[in-house]
Amino acid sequence: TVVVQNARVIDGTIYLLTTNGTLVLKKGKSILNDFFFSWNPSDIIRDRKGNYWISSNISGIHLLPNINVKKYPLNNFQAYRAIAFKNRLLLSSKNEQISWFNPKTKELELFTEGTSNALPYYIYIDSIRQQVVYVQSDGFTYFSDLKSKKQIQKVNLAIKKVISLDAKYNAFVST
């Protein structure tokens, strides 16, 4: 059984991320490519420099660079998820840490260090409320202040997606 875990459209190309790899489809064409079958890919993004970042539920984050890519050592930090925010990346790791990475200075700054060794499944930055929302495999969703890094709230819900509706309301999809 193949499960589609995510789908992305990047420049008119459809990427279906399945438990058996990534299928690449273009309008009017058959399957262009079938790759990353051993990674169990969960998401794909393309940055402004043309690099593809593929996250995996099994093997972390993979970078498919363009020719001019720069690599940054993260020492012992094994990135699991990444989101971009104001010229930095917010990275989550398999050991429940969440850190900021600044590509210009190549510095990694701890945002939060976990205690349960849970896997961080989802990260969202609410720039209006100045909060980071992160969901972990321990079944909890954590809300932390973006600047002070202090936990504001912890709920016993595994939120799957957060969308800002306007300055006052967010919508949550949860189990």
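Return the Cα extents of segment 124-165 along principal axes one, two and three, sorted largest first, each rounded to a whole Å.
Principal-axis extents of the Cα atoms in segment 124-165, largest first: 25, 24, 11 Å.
Give, rounded to the nearest 20 debye, the magnitude of the charge dipole that the chain has about its Cα centre when Lys and Arg contribute +1 at Cβ and Asp and Glu contribute -1 at Cβ.
About 520 debye.
Run the accessible area of the chain with a 1.4 Å probe and give the carbon-and-sulfur part as a rounded percent.
Exposed carbon and sulfur together represent 52 percent of the surface.
Any idea what the alpha-carbon Rg over 2.2 N^0.38 Å comes to for segment 87-140?
Ratio of Cα Rg to 2.2 N^0.38 Å: 1.15.
Report the FRET efficiency, 1/(1 + (r/R0)^6), for ASP47 and LYS27, where r is their Cβ-Cβ distance and R0 is 22 Å, rounded to 0.05. Display every interim value, and only then the final one.
Values: r = 23 Å, r/R0 = 1.07.
The value I calculate is 0.40.
For the chain, what is the accessible area per residue in Å², given a 1.4 Å probe and the full set of protein chains?
60 Å²
If you build a Gaussian network model of the chain, linking Cα atoms that sit under 10 Å apart, which residue out of GLY60, GLY28, GLY139 swings the most?
Highest fluctuation of the listed residues: GLY28.
Restricting attention to the alpha-carbon atoms of the chain, what are Rg (one decimal) and Dmax (integer), both in Å?
16.7, 50
Of the candidates SER148, SER92, SER55, which one comes out as most mobile in a Gaussian network treatment of the chain with C-alpha springs shorter than 10 Å?
It is SER148.
The values are calculated or read from the model by the stated rules, or taken from the named source; none is laboratory data. Keep in mind that this is a model prediction, so the values were computed, not measured. Glycine also receives a Cβ, built like all others from the backbone with ideal geometry; neighbour counts cover every protein chain displayed. Ligands, DNA and RNA are excluded from the accessible area calculation, which covers all protein heavy atoms including side chains. Shrake-Rupley method; radii C 1.70, N 1.55, O 1.52, S 1.80 Å.
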